[in-house]
Amino acid sequence: MRLLSVFDREGSRDKLLISLKRPYARAAEILGMTESGVRTLVKRQRTSGAAAQQPTPATTIDNFTIGAIRRHVYARFANKEFLTVERLLDGLTADGILRPGTSESTLRRILHRMGFRYRSTQRKMYVRKETLDIVCRRIQALRKLKQHRENGHQIVYVDETWFTTRMCHSREWVDNTQAATSATYSRQVPPGDGERFIVVAAGSEEGTIDGSFLSFVSKNRSGDYHGEMNSELFIRWLTSHLLPSLSRPSALVLDNAPYHSVLTEESRCPTSATRKADLINWLTQRDIPVPPGATRPELLLLCQQNKPEPQFVVDNIIREWGHEVVRLPPGHPELNAIEQVWGCMKRHGVLRSKASLRGLYDIRHRHPDVQFLMTSHLSQGCPENLLVLTACC
């Protein structure tokens, strides 16, 4: 009726209401819409029409094939397999679900249309803001490293890490159409699930230090491997494995793990849990006058004001063997080159087999792989990169 009404008005006036050179305005008048609304409809029609006229044969699949793909993925989720597009394409082609020659990009489009997403499944990491004290400690550590290299010392990176029998990637394919608690949402493998074991090693630019590789099964299920290490175990490894293997003067790079940072008895300072009598005793032994009638908080403040420079048991042992120590500031694992090696080793362990690492026996018998990875990757953290970092500071 609107079309007839427009034509009647044009006939009675014997002229066009809107010029023929303005087709969008004429259509808007007839349809009772705005001109911008007409333009949006036309654009949407052209876009959907172009997509319909150019279908991709490989991605035009029926509901039966979609169901077969979904069941195939769910079955591999149930087997706790880590899926990549390449592995999934091989399995779908072998089962005859997809025809040979289907590309990975085609399968990726199909998965996205089915509701699957490749997303992070592990906890987020947060960056801690640096204080001025941490910045200065980083600069000092880099300067010490540079000085030791100029003096001809061997730089030895020391660190510990953990592995599990079910190492998994931080991102994997999940079915976004299912609830996150559903068994078909993903393969449902918690991060770090499986038998856990600890690895301790040291390396230089030449690779691993012979005899420094130590691994043992972890009994702690809390997820923090630091709970498995203690000062006694670390010192035993240091004096029986690492230090006897160093043939020339070296500088050992350590982080601030608790078992690296046990203070000597002389450098310990009383804490808020120390009794008042012990506070007075500590001050008296150091010839610090005790104010008469001082309360316990006043004595504790006096102890903290006279706190000695920290001396670590590990540092003293290393210096007794004729070597030096460089301590890294908190929150700077990138300055310890062996940290990069651990990342490469874990990726190597995940990709070597579909079920990932098989246990402690496997990592022990991959010692040649570990040595190769250390030799090839430790050089990425020394010495040129650290010299650049020093110059930037």
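The values are calculated or read from the model by the stated rules, or taken from the named source; none is laboratory data. These numbers come from a predicted model, not from an experiment. Virtual Cβ from ideal backbone geometry, glycine too; neighbours counted across all protein chains shown. To get the accessible areas, we keep the full protein, side chains included, count just its heavy atoms, and leave off ligands, DNA and RNA. Shrake-Rupley method; radii C 1.70, N 1.55, O 1.52, S 1.80 Å.
In region 63-114, carbon and sulfur make up what percent of the accessible area (probe 1.4 Å)? Don't jump to the answer; show the numbers that get you there.
Numbers: 1400 of 2750 Å².
Carbon plus sulfur share of accessible area: 51 percent.
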Checklist line | Selection from 102, 77, 112, by position along the positive dipole direction of region 63-114 (Cβ) | finding: 112
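Just subtract the alpha-carbon distance of residue 304 and residue 161 from 0.36 nm times their residue separation and send over the number in nm, one decimal.
Numbers: separation 143, 0.36 × 143 = 51.48 nm, distance 3.46 nm.
Full-extension gain reported as 48.0 nm.
From the P(r) of region 63-114, can you give the percent of Cα pairs sitting at distances over 17 Å? Before the final figure, lay out the partial values.
Details: 341 of 1326 pairs.
Result for the distance tail: 26 percent.
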Checklist line | Overall Cα dimensions of region 1-47 - principal axes, largest extent first, Å | finding: 39, 23, 14
Margin query: If the only charges are +1 at each Lys and Arg Cβ and -1 at each Asp and Glu Cβ, what is the size of the charge dipole of region 63-114 around the Cα centre, to the nearest 20 debye?
Written below: 220
Notebook entry, point to check: How long, wide and thick is region 227-266, going by the Cα atoms along their three principal axes, in whole angstroms, largest first?
Noted result: 30, 21, 20
Item checked: Fully extended contour minus Cα-Cα distance, from residue 317 to residue 150, at 0.36 nm per residue -> 57.7 nm
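In units of 2.2 N^0.38 Å, what is the alpha-carbon radius of gyration of region 243-284? Walk me through the numbers on the way to the answer.
Numbers: Rg = 17.0 Å, N = 42, 2.2 N^0.38 = 9.1 Å.
Ratio of Cα Rg to 2.2 N^0.38 Å: 1.86.
So if R0 is 56 Å, what FRET efficiency would residue 94 and residue 262 give, r being the distance between their Cβ atoms, rounded to the nearest 0.05? Please report the intermediate quantities before stating the final value.
Values: r = 56 Å, r/R0 = 1.01.
That gives a FRET efficiency of 0.50.
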Notebook entry, point to check: By how many nm would the segment from residue 284 to residue 15 lengthen if fully extended, with 0.36 nm per residue of separation less the alpha-carbon distance?
Noted result: 85.6 nm
